[in-house]
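Report on the following structure.
The values are calculated or read from the model by the stated rules, or taken from the named source; none is laboratory data. Being a predicted model, the structure only gives us computed values, none of them experimental. Note: ideal-geometry Cβ built from the backbone for every residue, glycine included; neighbour counts use all protein chains shown. Keep in mind that these areas ignore ligands, DNA and RNA; they rest on the heavy atoms of the full protein, side chains included. Shrake-Rupley method; radii C 1.70, N 1.55, O 1.52, S 1.80 Å.
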Amino acid sequence: MTKETYKFPENFLWGGATAANQLEGAYLEGGKGLNLADVMPGGKVRLKVIGEPGFDFKIDKEKYVYPNHDGIDFYHRYKEDIALFAEMGFKTYRMSIAWSRIFPKGDELEPNEEGLAFYDRIFDELKKYNIEPVVTISHYEIPLHLITEYGGWRNRQVIEFFERYAITLFKRYKNKVKYWLTFNEINGATHMPILGLGFSPESEETKLQDSFQGLHHQFVASALAVKAGHEIIPGSQIGCMLVYVPTYSFDSNPANVMHALQEQRLFNNYCGDVQVRGAYPAFANRFFKENGINLDVREGDLDILKEGTVDFISLSYYMSRTEKKDKTPEEIGQGNLIGGVRNPFLSTSDWGWEIDPIGLRIGLNQLYDRYQKPLFIVENGLGAYDKVEEDGSINDDYRIDYLRSHIQAMGEAIEDGVELMGFTPWGCIDLVSASTGEMSKRYGFIYVDKHDDGSGTLERKKKKSFFWFKDVISSQGEKL
Ligand code: BG6
């Protein structure tokens, strides 16, 4: 039973979230090098093309469009956009830094000053409005050169490049940024290695070994960054970032319950356990053994993991997952983006993502029960087709309903005792979708006149949800 109003903490960080490669555009400006997103084609073919073994990481403009190249031109329009965020009353803005703006190839010893200066301008603009930045160091982002020359995160050397990049950011922005996240949705990596780990698996057999090895490298890199961040910026708060997908059993058949538990542990708990507790969970050993995974863990790695645990846990939440041990052929592929079977109790978005606000309350409670660390929801929202009416208005009541129900779930979780730091809905301004490269999959409170075929004036318009969210923030979540 949901209530009418909830009490959110006074210092609750209301805001919005984006990622550099999905909105900045200007893909060759300011000395930026090419990165992974620059070679990802737009449209529903995206995941298939980049997921295929042997993907060549090349731009082929004859065959595909590349929406990330222009994004929504935030690179040139950030002042207008940040002013709109401020008008909504944002207390915080979660953004990411494009690694290839700072180290265009990734393996240089010296950073690119123009790239660093760009983010100085962003932070200064946010400061004007007292908006606290929350910065993701790597959001599905790696310089292309580190993929083509080094093989992405499979290669241990990338740890050193990442550490140099993170330290460069901490030193440069130590007076401007207090909240940092190391890797976006780190646990999504084994599902889609190309996005999180920057490599295209050669085969199903090597996929597991390479993904878990790549993750080990990211764990070490993240822990080194946490340690360095704490030393360089006293009082900084550095979090991990998980895509949290609570896993339900399809029914009470113990075989299905056990299967759901295994999936829950492997997908949702594995990375958090390492990054929050500083050690691999016990269940990992058996999983590695049964799947022929041999991790190359070097001397000192386990100490680094212990010393570099995170201060808080940030998460994205879009959906739950329903699991069954033996799926019929019809059931396979009917579940969510990351698997499972259809849950008959849930409706879906236009993109087939199951909508489950109670799942958010469940997830927050699971995470808090497990770690007793503050939580921060840094992504949530509804990707939907929006219609601009003749009078120019955009009446996105479906988005308001979605967000209202999820904010209510957060309110319930807070009453359950969960310590929640803030809420930054995804794509607060329309941007390029990560999974499909579409502009038409819109999440924003702010509409951007830009379309899948690349046309559009880039004009910004306030949707109905803009005014609604403004009221939510000013009433501290009382007016939903
Ligand atoms: C998260 C990512 O998985 O979901 C974002 O961190 C992404 O980068 C968001 O955009 C929504 O997914 P999509 O595919 O609808 O853009």
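Counted over the chain with a bin width of 10 Å, the fraction of Cα pairs per bin, in whole percents, is 4, 20, 33, 29, 12, 1, 0.
Extents of segment 58-163, taken as max minus min of Cα coordinates on every principal axis and listed largest first, are 44, 37, 22 Å.
Every helix of 4 or more DSSP H residues in the chain counts as -39500 (n - 2.57), and over all residues that averages to -11000 deg cm²/dmol at 222 nm. In a fully extended conformation the segment linking F55 and K176 would gain 39.7 nm over its present Cα-Cα distance, using 0.36 nm per residue. This model, with +1 at the C-beta of Lys and Arg and -1 at the C-beta of Asp and Glu, gives segment 13-474 a dipole about its Cα centre of some 680 debye. Mind running the shape call on segment 331-410? Use the C-alpha gyration tensor, a ≥ b ≥ c as the square roots of the eigenvalues: rounded below 1.5 for a/c, prolate if a/b tops b/c, oblate otherwise. Cα axes put segment 331-410 in the oblate bin.
With the charge dipole of segment 13-474 set up from +1 on Lys and Arg Cβ and -1 on Asp and Glu Cβ about the Cα centre, the Cα lying farthest toward the positive end among the listed residues P281, G359, F183 is that of P281. Between the residues C271, N294, G42, the greatest Cα displacement towards the positive end of the dipole of the chain, with unit charges on the Cβ of Lys, Arg, Asp and Glu, is found for C271. Listed peptides 419-427, 289-297 appear in the order 419-427, 289-297 once ranked by packing, highest mean of other Cβ atoms within 10 Å at the front.
Stretching D296 away from D73 to a fully extended chain increases their span by 76.1 nm, per 0.36 nm per residue minus the current alpha-carbon distance. Per-peptide packing, taken as the mean over residues of other Cβ atoms within 10 Å, places 345-352, 334-341 in the sequence 334-341, 345-352 from highest down.
The gain in end-to-end length when the M258 to E87 segment is fully stretched comes to 56.7 nm, 0.36 nm per residue minus the alpha carbon separation.
Listed peptides 138-144, 304-310, 390-396 appear in the order 138-144, 304-310, 390-396 once ranked by packing, highest mean of other Cβ atoms within 10 Å at the front. When the pairs K44/K470; K178/K479; K58/K373; K105/K387; K7/K128 are compared against a 31 Å limit on Cα-Cα distance, K44/K470; K58/K373; K105/K387 fall above it. In terms of its C-alpha gyration tensor, segment 107-146 has an oblate overall shape, because the principal axis ratio a/c (a ≥ b ≥ c, square roots of the eigenvalues) is not below 1.5 and a/b does not outweigh b/c.
Relative to one another, the C-alpha centroids of segment 290-359 and segment 18-75 are positioned 25 Å apart. With K and R counted +1 and D and E -1, the other residues having a Cβ less than 12 Å from that of H406 yield a net charge of -1.
Within 10 Å, Cβ to Cβ, of P53, how many net charges do the neighbouring residues add up to if Lys/Arg are +1 and Asp/Glu are -1? It works out to a net charge of -2.
Could you tell me how far the Cα centroid of segment 232-274 sits from the Cα centroid of segment 153-180, in Å? Cα centroid of segment 153-180 versus Cα centroid of segment 232-274: 26 Å apart.
When H191, H216, H76 are compared by accessible surface with a 1.4 Å probe, the order from highest to lowest is H76, H191, H216. What does the charge count near K464 come to, summing +1 for each Lys or Arg and -1 for each Asp or Glu among other residues with Cβ under 12 Å from its Cβ? Every neighbour counted, the sum reads 0. Heavy-atom accessible area, probed at 1.4 angstrom with all protein chains present, ranks Y317, Y27 as Y27, Y317, highest first.
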